[in-house]
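Chemist: Please find one structure pasted underneath; my questions will follow.
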Amino acid sequence: MQRGPVTPKGFGDIMPDEATRRRLMVNAIVPILEKYGFSPIETPTVEFADTLLGKYGEDEKLIYTFEDKGGRKLALRYDLTVPLARFVANNLGLLGPTFSRYQIGQVFRGENPQKGRRREFTQFDFDTIGMDDISEDVKVMSAAIEGARAIGLTKAILQINDRELFDKAGFPKEAIVTIDKIDKIGRDEVIKLLKEINLDDAEVMFAELENSKKTERLTKIFEDLKAKGFKEGEDFSFNPFLARGLNYYTSTIFELKLDSTSGGLSIGGGGRYDNLIGMFAGRNIPAVGFSFGIDRIIDLI
């Protein structure tokens, strides 16, 4: 029976059993990341609002913003990626030409709570900074697949795409956000929404996307993953509809699905974001990373 004060909707306590499962999950993944050369860092929960705003597209409305007593506009972090970009820009002289990090922390989004999706939740990120070579993409993907296996997700599969496909097809950013909803609403509804944003040849463009082949970058990535012993169709696959709606992704994108069934639930995702750190650093600094959705995984397994 509830006797004490209640928590706000979308926020809640974590009971000992779940906290133990979380710790076991983290303990299983960390050795894999450290094997690949990732080092831990921590960043603050609160950032200046200007640091976060303008980086997330239409999802920006989900950011919790507020003013402190001095009238400064602050925000709770929406993810761990933009704070990482700020961290790298502030520590360029200390990190060297390349830097690989992992971080576990709470993030906050003002969205409708549902199973596997809370307003406060835990992300487990790992990123590599400083190189645009596909070897870094493969490194992150390999760690994501191995991490999934280490926590018992034997059927999880990493779906991979390249934002270049949407550029070639002529889809505007608004359309990419719509395509990203295909697993939730289906093909026909996506085409309907594309037409509503005045994309008159939506059906033709969508059909071209359906029949598209892997880009040269993806072809090389797939070859390297197979050379490392991962199996296409079992450990990873090509998905031309995978869009990932965040504005900062630039080329390779990927999402870890619980299994290979149609509309399989996402339990993590990431991609290459070669322009984000440059917004803070004033020069081009390529990066690629991935994030496990710890709460989503706990709720689903």
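The values are calculated or read from the model by the stated rules, or taken from the named source; none is laboratory data. Remember, predicted model here, so these are calculated numbers, not experimental data. Cβ coordinates were reconstructed from backbone atoms using ideal geometry, including for glycine residues, and neighbour counts include every protein chain displayed.
Chemist: Is it true that Ala75 is outside any strand (DSSP E or B) and either at pLDDT 95 or above or in contact with a Leu (Cβ under 8 Å, 6 or more places away or on another chain) (or both)? Give the derivation first.
Modeler: Values: outside any strand (DSSP E or B): no; either at pLDDT 95 or above or in contact with a Leu (Cβ under 8 Å, 6 or more places away or on another chain) (or both): yes.
No; evaluated as a whole, the condition is false for this residue.
Chemist: Here's something else I'd like to know. For Asp224, indicate whether it is in a loop (DSSP other than H, G, I, E, B) and either at pLDDT below 75 or under 24 Å from the mean Cα position of the chain (by Cα) (or both).
Modeler: Working: in a loop (DSSP other than H, G, I, E, B): no; either at pLDDT below 75 or under 24 Å from the mean Cα position of the chain (by Cα) (or both): yes.
The answer is no for Asp224.
Chemist: Looking at (1) farther than 24 Å from Ile129 by Cβ; (2) in contact (Cβ under 8 Å) with a residue 60 or more places away in the chain; (3) over 13 Å from the mean Cα position of the chain (by Cα), can you tell me which one Met279 breaks?
Modeler: Here Met279 clears every test but (1).
Chemist: Show the residue pairs that are 6+ apart or on different chains and have beta-carbon atoms under 9 Å apart, the first residue being within region 20-45 and over 19 Å from Thr81 (Cα atoms) and modelled with pLDDT under 95, the second being among the polar types (S, T, N, Q) and surrounded by 14 or more Cβ atoms within 10 Å (Cβ to Cβ).
Modeler: Listed pairs, sorted by first residue: Arg22/Thr122.
Chemist: Given region 141-218, what helices (runs of 4 or more DSSP H) lie entirely inside it while holding 2 or more residues that are more than 28 Å from Val30 (Cα to Cα) and touching a residue at least 40 places away in the same chain (Cβ under 8 Å)? First the steps, then the outcome.
Modeler: Details: elements: 164-169, 173-179, 182-185, 187-196, 202-210.
Where helices (runs of 4 or more DSSP H) fall fully within region 141-218 and carry at least 2 residues being more than 28 Å from Val30 (Cα to Cα) and touching a residue at least 40 places away in the same chain (Cβ under 8 Å), they are 164-169, 173-179, 182-185.
Chemist: Filter region 9-24 down to residues that are within 20 Å of Pro113 (Cβ to Cβ) and not basic (Lys, Arg) and give me whichever is surrounded by the fewest Cβ atoms within 10 Å (Cβ to Cβ).
Modeler: Asp13
Chemist: Please verify whether Gly54 is farther than 22 Å from Pro113 by Cα and modelled with pLDDT under 95, treating the condition exactly as stated. Talk me through it step by step, then tell me what you get.
Modeler: On the way: farther than 22 Å from Pro113 by Cα: yes; modelled with pLDDT under 95: yes.
Yes; evaluated as a whole, the condition is true for this residue.
Chemist: Let me ask something additional. Taking region 93-120, which residues are surrounded by fewer than 18 Cβ atoms within 10 Å (Cβ to Cβ) and within 19 Å of Asp132 (Cα to Cα)?
Modeler: Leu95, Gly96, Pro97, Thr98
Chemist: Sticking with this one: Can you list residue pairs whose Cβ atoms sit under 9 Å apart, with the first residue in region 77-92 being under 21 Å from Gly269 (Cα atoms) and the second being at pLDDT below 95 and of a type in the set (Asp, Glu)? Count only pairs 6 or more apart in sequence or on different chains.
Modeler: Tyr78/Asp59; Tyr78/Glu60
Chemist: Restricting to region 123-135, give me the number of residues that are under 23 Å from Tyr56 (Cβ atoms) and surrounded by fewer than 22 Cβ atoms within 10 Å (Cβ to Cβ).
Modeler: The first filter runs over region 123-135 and keeps only residues under 23 Å from Tyr56 (Cβ atoms), leaving 123-129, 132.
Subset that is surrounded by fewer than 22 Cβ atoms within 10 Å (Cβ to Cβ): 123, 132.
Going through region 123-135 one residue at a time, the tally reaches 2.
Chemist: Please find, within region 202-223, the residue that is surrounded by the fewest Cβ atoms within 10 Å (Cβ to Cβ) out of those that are polar (S, T, N, Q) and within 23 Å of Ile191 (Cα to Cα).
Modeler: We begin by selecting, within region 202-223, every residue polar (S, T, N, Q); these are 211-212, 215, 219.
Retained after the next criterion (residues that are within 23 Å of Ile191 (Cα to Cα)): 211-212.
Values: Asn211: 7, Ser212: 18.
Per the stated criteria, the residue is Asn211.
Chemist: Taking region 136-175 only, how many residues are basic (Lys, Arg) and at pLDDT 95 or above?
Modeler: First, the residues of region 136-175 that are basic (Lys, Arg): 139, 149, 155, 163, 168, 173.
Filter again for at pLDDT 95 or above, leaving 139, 149.
Within region 136-175, residues that are basic (Lys, Arg) and at pLDDT 95 or above number 2.
Chemist: Still on this structure: Please state which one of Leu62, Leu74, Leu52 is free of Cβ contacts under 8 Å to residues at least 60 places away in the same chain and over 22 Å from Gly293 (Cα atoms). Don't jump to the end; show me each part of the working.
Modeler: Details: Leu62 fails: over 22 Å from Gly293 (Cα atoms); Leu52 fails: over 22 Å from Gly293 (Cα atoms).
The match here is Leu74.
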